[in-house]
Amino acid sequence: MSEETIRTRIWQEEAEPDNAFAAASCHCHGYDVYGDLLAHASWIEYLFLLFRGEAPSAQQARLLEGLAIALANPGPRDAAVHAAMCGGVGGSTSASCLMAALAVGAGASGGAREVRLVMEDWLVRGTDLALWQSSLAAKPIAGPADVWPAPGHPAGFDPHGVRCTGPVLQTLAHLVEVGCGADLGCGSSLAWLQANRSSLESAAGLPLAMSGVAATALRDLGCTPAQGEMLHLLLRLPGAAVHALEQKEYGHKNFPFFQVELENDPGPAQGIGNCVEGGA
Amino acid sequence: MNGPQLLEQYAGRLVTRAGACFLGERAVFRGLDLHAALKDMDWLELYLFGITGRRFTPQQMAVLQATWVYTSYPDARIWNNRVAALAGSARSTASLGIAAALAVSDARIYGGGSSLRAIEFLLEARLGMERGKPLAGLVAAALHGGYIYGFGRPLSAADERIEPMMALLREHNLDRGIHVELAFEVEKILVGRNPALRINYGALVAAVAADFGFSPLEYYLFRIPAFLAGMPPCYLEAADKPAGLLFPLPCRVMLYEGAVRRPWQGTTPKT
């Protein structure tokens, strides 16, 4: 039986002469990773190369770097970071803290799924403002049975927002400044979003969210919706990691446990002496 | 043989006694036909057979099943459950939320980590006593930071699961196992040092598992789904509410204790 193989367009290895299970050289999309990129490429340039298959232009690298900084830490109030901290306070494994951040940060409300949905909207609507407005005004429709919960708000907008927040506006302005211009390798969707933000927000009845900015930046970087979803998951992990580590140090006694109001409490059971004492 | 020669021997094939499926034909589970020899097993029995290769008595199965039931708390405040609930609130998938919540359950102060240390301590204490060492000395030697895993509890000194589990053990005449009795002897010693160090559910279930012949690894694997039943209600309830309504955190709750505000003065130019 012939040996089964793994097909890839991304990664090429040559084995060490005396060990078929150790690589002597690794090339990523044709570039020598340890003989060239390690010395000459930045992390952001390498990240772009991994996803897009080509080295970024200076503008593309700046756009991705700006996006990476904007997304790196949504802060402890973010649900994904909150989940990671839940692992930290109990002394859970580091990987489980990041799994928690990924599981929650994957969602369609503020997470990577929402980013993907926005990018899919871009593919359909392009820069047709009237189409965006009519689509945003319509109630989100649940698709066929899916593992993902039905969308509850227009993707890319903050369901609980009052106005577009400072960080979202600052991120949009910065990314427009560093990344726009089709002749420089980036798309022009961010500039269009900035120019039409008010109209879009009026149609949605909600302010633009960071997910909308991130999705548009990822589109301008040439990512597919699937690539954008994956990058969004990756880029938000640093904050989850450090807040999980920090809460591990503070410990569970310094972490909110919240009050409970049980609406269907049957009261203490009879015949079991200490069952009224609660706790984890 | 080692190094690449050893790896080469295993390349491209699976050598296993765990099992295999022959699609369209049959499946083998630990050397038995799943759809013939094992077709009448209940799921928990099959799970345990997969871990230990052994069968358990009906009385033991009733107790092992109850060890999960008695700790299935659908309370979204509990840290592992909160992960599942937050996944629902953030409109993620149920399997992502629950898988991550199970992974988080491998915690140091509760769940997998503390349970594993508890059974290891009880097994070692029993061996030490068989070698003639006094229990008080074994307990003193096992104390780390003033406590032993399985005794004391993060949020409450009392453990409401102890009494119903002991009642069930008595019902099945399984309450006098050597490790269960040992666990309560350890509690007496520890409470003499610190009243908060009462036996918790982790130590009791670890003792039961030790009495049933579980190794620490077998016990760790057995208890992985222990909190599972409480998680789907947490996910569902959060998913049923509008997104983001589970434990929304206003900015004011963050008590900042870090460096004073300062400008960034990077020394390397951006790309």
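The values are calculated or read from the model by the stated rules, or taken from the named source; none is laboratory data. Predicted, not measured: the structure shown is a model, and the values here were computed from it. Cβ coordinates were reconstructed from backbone atoms using ideal geometry, including for glycine residues, and neighbour counts include every protein chain displayed.
Below, the figures for the structure above:
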read-out	value
Residue check, B:GLN9 closer than 30 Å to B:ARG108 by Cβ and either more than 14 Å from chain A (Cβ to nearest Cβ) or surrounded by fewer than 17 Cβ atoms within 10 Å (Cβ to Cβ) (or both)	no
Checking A:SER57 against (1) more than 7 Å from chain B (Cβ to nearest Cβ); (2) free of Cβ contacts under 8 Å to residues at least 60 places away in the same chain, the condition it does not meet	(2)
Test set (1) touching a helix residue (DSSP H, G or I) at 6+ places or on another chain (Cβ under 7 Å); (2) in contact (Cβ under 8 Å) with a residue 40 or more places away in the chain; (3) of a type outside the set (Val, Ile, Thr); (4) closer than 30 Å to B:LEU116 by Cβ - A:SER94 fails condition number	(1)
The one condition in (1) of a type outside the set (Asp, Glu); (2) over 22 Å from A:ALA80 (Cα atoms); (3) facing chain A (nearest Cβ under 7 Å) that B:SER72 fails to fulfil	(3)
Single unsatisfied condition, B:GLY150 versus (1) buried (at least 24 other Cβ atoms within 10 Å of the Cβ); (2) outside the structural domain of B:ALA203 (by TED's automatic domain parsing)	(2)
Residue in region B:33-56 that is part of a strand (DSSP E or B) and away from chain A (no Cβ under 11 Å) present	yes
Condition met for A:CYS86 (more than 7 Å from chain B (Cβ to nearest Cβ) and among the hydrophobic types (A, V, I, L, M, F, W, C))	no
A:ALA142 among the small types (Gly, Ala, Ser), surrounded by fewer than 21 Cβ atoms within 10 Å (Cβ to Cβ) and over 24 Å from A:GLY66 (Cβ atoms)	yes
A:SER134 being hydroxyl-bearing (Ser, Thr, Tyr), within 8 Å of another protein chain (Cβ to nearest Cβ), farther than 17 Å from B:VAL104 by Cα and touching a residue at least 12 places away in the same chain (Cβ under 8 Å)	no
B:GLU160 acidic (Asp, Glu) and over 19 Å from the mean Cα position of the chain (by Cα)	no
Residue identified as facing chain B (nearest Cβ under 9 Å) and either charged (D, E, K, R) or under 30 Å from B:CYS251 (Cβ atoms) (or both) among A:PRO154, A:PRO149, A:PRO74	A:PRO149
Count - residues of region A:15-37 that are within 17 Å of B:LEU7 (Cβ to Cβ) and not aliphatic (A, V, I, L, M)	5
Positions within region B:12-32 being away from chain A (no Cβ under 14 Å), on the phi > 0 side of the Ramachandran plot and part of a loop (DSSP other than H, G, I, E, B), in sequence order	B:GLY24, B:ARG30, B:GLY31
Residue in region A:109-121 that is within 24 Å of B:ALA94 (Cβ to Cβ), surrounded by 24 or more Cβ atoms within 10 Å (Cβ to Cβ), facing another protein chain (nearest Cβ under 7 Å) and without any contact (Cβ under 8 Å) to a residue 60 or more places away in the chain present	yes
From A:LEU123, A:LEU136, residue being in a helix (DSSP H, G or I), over 21 Å from the mean Cα position of the chain (by Cα) and at negative phi	A:LEU136
Residues satisfying the stated conditions in region A:30-44, i.e. within 14 Å of chain B (Cβ to nearest Cβ) and touching a Leu at 6+ places or on another chain (Cβ under 8 Å)	A:LEU37, A:ALA41, A:ILE44
Residues of region A:171-191 classified as modelled with pLDDT of 95 or more and among the small types (Gly, Ala, Ser), total	3
Criterion (at negative phi, not in a helix (DSSP H, G or I) and not assigned by TED's automatic domain parsing to the domain that holds B:ARG170) met by exactly one of B:LEU236, B:LEU249, B:LEU197	B:LEU249
Subset tally (residues that are under 26 Å from A:PRO256 (Cα atoms) and touching a strand residue (DSSP E or B) at 6+ places or on another chain (Cβ under 8 Å)) for region B:151-193	2
Selection status of A:GLY30, at positive phi and more than 18 Å from the chain's Cα centre (by Cα)	yes
Tabulated pairs, region B:63-90, first among the acidic types (Asp, Glu), second surrounded by 24 or more Cβ atoms within 10 Å (Cβ to Cβ), C-beta under 8 angstrom, 6+ apart or interchain	B:ASP75/B:ASN81; B:ASP75/B:CYS234
Residue selected from region A:1-14 under the condition among the hydrophobic types (A, V, I, L, M, F, W, C) and more than 9 Å from every other protein chain (Cβ to nearest Cβ), by the criterion surrounded by the fewest Cβ atoms within 10 Å (Cβ to Cβ)	A:ILE6
